[in-house]
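Each reported figure results from applying straightforward, stated rules to the coordinates on display, with no laboratory input. Just so it is clear, the model here is predicted, and its values are computed rather than measured. Counting neighbours? That spans all protein chains shown, and the Cβs are built from the backbone with ideal geometry, glycine included.
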Amino acid sequence: MAGARERVKVLREEIARHDFRYYVQDDPEVPDAEYDRLVQELKALEAAHPELVSSDSPTQRVSGAPAREFGSVEHRVPMLSLDNAFADEDIVNFDRRVRERLEIEGSVAYNCEPKLDGLAVALRYEDGELRVGATRGDGLKGEDVTVNLRTIKSVPLKLRGRGYPRVLEARGEVFMAVRGFERMNAELEARGEKTFVNPRNAAAGALRQLDPRITATRPLEIFFYGIGAVDGGTLPGRHSELLAALRGWGLRTCPEIELQEGVVGLLGYYRQIGARRASLPYQIDGVVYKVDSLAQQRDLGFVARAPRWAIAHKFPAEEELTTVRDIEWQVGRTGALTPVARLEPVFVGGVTVSNATLHNVDELHRKDVRVGDTVIIRRAGDVIPEVVRVIEERRPPNTIAPTLPSHCPVCGSDVRRVEGESVARCTGGLVCPAQRKESLKHFASRRAMDVEGLGDKVVDQLVDAGLVHDASDLYGLTAERLAELERMGEKSAAKLVASIAKSRDTTLPRFLFALGIPNVGEATALALAEHFGELAALQAATLEQIMEVPDVGPIVAAGVREFFDEGRNREVVDKLIGHAVRWPAVATGRSEHQPLAGKTFVLTGTLPTLSRADAEDMIRKGGGKVTGSVTKKTDYVLAGENPGSKIEKARTLGVSVIDEAAFARLVD
């Protein structure tokens, strides 16, 4: 037994080394036959001694029964998307913004890499062993595809070497190389099975197979490009050094990565990769630039759902001619009406396109797109089909320019367009079926009414079954009716009913935010609540009175006024209050007796017990303000573990740096 254990250990280490040489370094040192012999010997030993089988063994890449569905994984650090650039001028402006925010005169060093046309994933290693792998999903939650990721040979089941953090979330792009894709399609065709249109679709489909044995037959690969959550250990100070560390731990990175200085270096890299695009062994749709200094990345921070320190520079898209069959108006989750061209199907950039966005009414009129027109279609960023322009000389006679509908094509509510805005919106926010599911999900979200257990799939079922037409219907649900839903047992149904009942006790700012009023986020909801004090006063306020609220301009004020002018929205609000949704009285105005009144805070690092969102809540409730950058006007920097360079800037400017304990004393 001792001899078998030692031989198993030696074989695993040797096979792992060969996997690293073959799949990561592309430099095999033994013939395939020798590699196969080692794997077969290991399998035989593990079959004879089942107690020696472990999850990190190379033989366990494909294990477990097919899943019925994927579980959900919450990303501790959100997986953000990137802003896109299509012209050289966009990159010039990006570099200028970076230098202005960093307040530096010289050039900035950037890490440059091809933008693969694949699927973003996050893999969490604990003590060097792969534990969980998830898709990007919506950036906050993804699907648990651990068993499928384990089948990819370039994904190490155990990290190499030393020095890696105790918990390391490595982020990468799963893709299918062109040669592997072509070989797979040839094999599928020979068996009379359906082939795939392009490598990206094939990779996405393979990674989301419920049976990992099918995934294992697909030629999937991965390049790692960064990290997410990290616990323990010390990381390098530059992105390029971080990638080198990942490579040292056995995590494969793209060989085309380069460091460049300033705009000239960025555009030179873009053109060099663009010239080689067709000859690369994988499909790309652009390149990505990232500020190399991690300290500078922290200083630059984020805007909305994208970092300020990175940008994707897309290649020109493929274009084709086709004919417009019809123009329809789609109503999005926020009520925005988007004109969509229904097209004669055309093959563009590897997919058949039959619909194309016209963005908004201004764009529709600017391009003057009409039914019957011959148009040039392209897949913007190789992804979203759009109408580039009309071939006017081919326009049929007697065509009519489309106009913005006055009523929502879905629910019949008034369509309003605020002067100065390009977007027209349906005003039936709480009653429009097109907005219903998304408005319910928002209403129940943690930062709004905080209904635990009311996830996307439950909302979909409730709406599809006709049980919920607006948010007020949630408070009439019974455990018996909920238990009839798919995958909803009696205990889960009872818990959800209890959670809905608990949400009745809320605050006015949360309630206003939950209503989904256009352009009213948490900060604006708080400002409205503090200014008017009660809901009735806000509902009765004129446009001018709403504009008296600090930081509320004409567009936000118009959105608030139009929301409450829609009778069916007010009806839903009345029904919610009729269901005993309630909140404590709100003190109007900023009280100087609030412990943090007039104080400005900046947060950095991970706090021991408070999440960033909870700390921000406490600051706002205490009368304070949260900003992202340290300036002379900052009163306190609240710092936790692994703080960024904001600490040094605070000390340079003489700003007080406090920990969570000191913060708690301030609040008390």
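What does the C-alpha gyration tensor say about the overall shape of region 84-314? Classify as rounded when a/c is under 1.5, otherwise prolate if a/b is larger than b/c, or oblate.
Here region 84-314 falls in the oblate category.
Please give the peptides 336-344, 34-42 ranked by average Cβ packing (other Cβ atoms within 10 Å per residue), highest first, as a rough proxy for protection.
Top of the packing list down: 336-344, 34-42.
Among T606, T542, T253, which comes first, second and so on when ranked by fewest other beta-carbon atoms within 10 Å?
Values: T606 16, T542 10, T253 19.
Final ranking by Cβ density, sparse to dense: T542, T606, T253.
List the GluC sites (Glu not before Pro) within region 437-509 that fall in a DSSP loop (any state other than H, G, I, E or B) and whose Cβ has at most 10 other Cβ atoms within 10 Å.
The qualifying sites are E486.
Given that compact globular proteins tend to follow 2.2 N^0.38 Å, what is the ratio of the alpha-carbon Rg of the chain to that value?
Output field value: 1.07.
Given only helices, namely DSSP H runs of n ≥ 4 each adding -39500 (n - 2.57), what is the per-residue ellipticity at 222 nm of the chain, to the nearest 500 deg cm²/dmol?
Numbers: 24 runs with 237 residues, N = 668.
The helix-only estimate for the chain comes to -10500 deg cm²/dmol at 222 nm.
Just want the ordering: F302, F196, from fewest to most Cβ atoms lying within 10 Å of their own Cβ.
On the way: F302 14, F196 19.
Ranking F302, F196 by Cβ neighbours within 10 Å, fewest first, gives F302, F196.
May I ask for the angle, rounded to the nearest 10°, between helix 239-248 and the longest principal axis of the chain, with both axes built from Cα atoms and the value confined to 0 to 90°?
Helix 239-248 sits at roughly 40 degrees to that axis.
What is the projected area of the convex hull of the Cα atoms of region 396-475, averaged over all directions, in nm²?
Numbers: hull surface 33.0 nm².
For region 396-475, the mean projected area of the Cα convex hull comes to 8.3 nm².
Which residue, chosen from A48, F20, Y35, occupies the Cα position most advanced towards the positive end of the dipole of region 2-60, where the dipole is computed from +1 (Lys, Arg) and -1 (Asp, Glu) charges on Cβ about the Cα centre?
A48
If we count other beta carbons within 10 Å of each Cβ, what is the order of H239, H49, fewest first?
H49, H239
Expressed as an acute angle from 0 to 90° and rounded to the nearest 10, what is the orientation of the C-alpha long axis of helix 567-578 relative to the principal long axis of the chain?
Computed tilt is about 80 degrees.
Using 5 Å bins from zero, what percent of all Cα-Cα pairs in region 333-478 falls into each bin?
Whole-percent P(r) values from 0 Å outward: 2, 9, 15, 15, 13, 14, 13, 9, 6, 3, 1, 0, 0.
Do you know the relative contact order of the chain, to the nearest whole percent, from alpha carbon pairs under 8 angstrom that are 6+ apart?
9
How far is helix 32-48 tilted off the main Cα axis of the chain, in degrees rounded to 10, range 0 to 90?
Orientation of helix 32-48: about 80 degrees from the principal axis.
Sorted by packing (mean other beta-carbon atoms within 10 Å per residue), highest first, where do 110-117, 130-137, 4-11, 389-396 land?
Working: 110-117: 24.1, 130-137: 20.1, 4-11: 14.2, 389-396: 11.6.
Result, highest mean Cβ count within 10 Å first: 110-117, 130-137, 4-11, 389-396.
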